[in-house]
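Working notes, beginning with the structure itself.
No lab work stands behind these numbers, since they all come straight from the coordinates. Since this is a predicted model, take the numbers as computed values, not measurements. Here the Cβ is made from the backbone with ideal geometry for all residues, glycine too, and neighbour counts use every protein chain on show.
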Amino acid sequence: MSTPTVLAPITLTDAEVKLLQTLVYQECGMFFDERRIHFLRDRVQRRLKACNSESFYSYYRLLTSREGKAELTALLENLTVNETSFFRAKPQLELFQKTILEQILDRKHAKQDWTLRVWSAGCSTGQEPYTLAMLVCDALAYYYLRNPSPVEMPTPKPIVPPPWKVEVLASDMSYSGLLTAQQGIYSESQVESVDYTSRLRYFDKLTDKYSIKPALKSLIQFDFHNLKTDFLPRRNDIIFCRNVMIYFDEAEQKRLVDKFYHCLNPDGYLFVGHAESLFGLSTKFRMMHMNNATAYQRIEGHE
Ligand SMILES: C[S@@+](CC[C@H](N)C(=O)[O-])C[C@H]1O[C@@H](n2cnc3c(N)ncnc32)[C@H](O)[C@@H]1O
């Protein structure tokens, strides 16, 4: 019986790592600077092993070929940081629900425009879009109490009071993240930050897990979008892109913020991570800062 050949680990030269750094940047905007280059090196090394590559050259050729699309996706997935949680950065979510949503609902109500579209760009494993959907549903239920709509409430009471129509778009470039998000099943520790009322209203309890109720899930559209591309979903009232741009360099951050400007409806809002800001990136947004949270409103009249 012949023993399988075990390939010696390939050590990458600095020039080879640089080639990959450029390729990754071109593909998805993530920039691995000096402080993070060891992470890129480590993850590429793992992919080389997983692919049984004989040399860096053959791996790089695969990545840049038509047949190598799946491997390129796998490499990019290995480079992303998927950390997320339900109700992450509460002050921001309070600003979203209590002030901004209220303002948008009032504005839309006056115009008899009953649609609301929120986009979670870089949704990871789904906790962010589900959080947003829960907050919107609660806000609409409360809004409906104070502003009964012209349409009679059907029984059983739907999750979104008619004639309102809510769409939460959840996108990422990680297929495995999107798959987990779409399944909507989370462990006890993952739902720790969800209060009991929301757990009861929006989750079904499985033996040792929590599953998002179908009614909440039905409000969410999951989709693959690489934020590096020019074709991004438009006509959003609010965009959340939190903890994604931190992995981009300044030039790419500026390009993305400019694209978000065009993806928002007039007077729409953009939320970035609580440690991120649009300072130095764009003058097309007006900053709103309240109770330790920030949001950015589109200023009309820019190209
Ligand atoms: C740290 S998670 C943030 C999740 C969530 N927004 C939050 O704040 O909890 C970053 C996510 O951005 C995604 N991402 C990174 N670069 C991306 C790109 N070019 N296009 C789309 N998604 C990207 C990653 O796949 C990852 O799921």
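List of remarks:
- Calculated FRET efficiency for the pair THR11/HIS262, C-beta based, R₀ 45 Å, to 0.05: 0.50
- Relative contact order (percent, whole number), the chain, Cα cutoff 8 Å, 6+ residue spacing: 18 percent
- Mean-position separation - Cα centroids, the range 223-238 and the range 87-111, in angstrom: 21 Å
- Calculated mean residue ellipticity at 222 nm for the chain: -11500 deg cm²/dmol, from DSSP H runs with n ≥ 4 weighted as -39500 (n - 2.57), summed, divided by the residue count and rounded to 500.
- The chain - share of DSSP beta bridges that are antiparallel (%, nearest 5): 45 percent
- The residue among CYS263, PHE231, ALA110 whose Cα reaches farthest toward the positive pole of the charge dipole of the chain, with charges on the beta-carbon of Lys, Arg, Asp and Glu, is ALA110.
- Placing +1 on the Cβ of every Lys and Arg and -1 on the Cβ of every Asp and Glu, with nothing else charged, gives the chain a dipole about its Cα centre of roughly 420 debye.
- Antiparallel bridges, percent of DSSP beta bridges restricted to the range 163-264 (to nearest 5): 50 percent
- Normalised convex hull volume, the range 48-117, alpha-carbon set, Å³ per residue: 157 Å³
- Gained length - GLU34 relative to ASP204, 0.36 nm times residue gap less alpha-carbon distance: 56.7 nm
- Potential extension, GLU303-GLN182 segment - 0.36 nm per residue separation minus Cα distance: 40.0 nm
- Förster-model FRET efficiency, 25 Å R0, GLU152 and MET288, C-beta, rounded to 0.05: 0.10
- Set the Cα radius of gyration of the range 23-153 against 2.2 N^0.38 Å, with N its number of residues, and you get 1.60.
- Centroid-to-centroid, using Cα positions, the range 117-166 and the range 12-77 are 42 Å apart.
- P(r) of the chain over all Cα-Cα pairs, binned every 10 Å from zero, in whole percent: 5, 25, 30, 22, 12, 5, 2, 0
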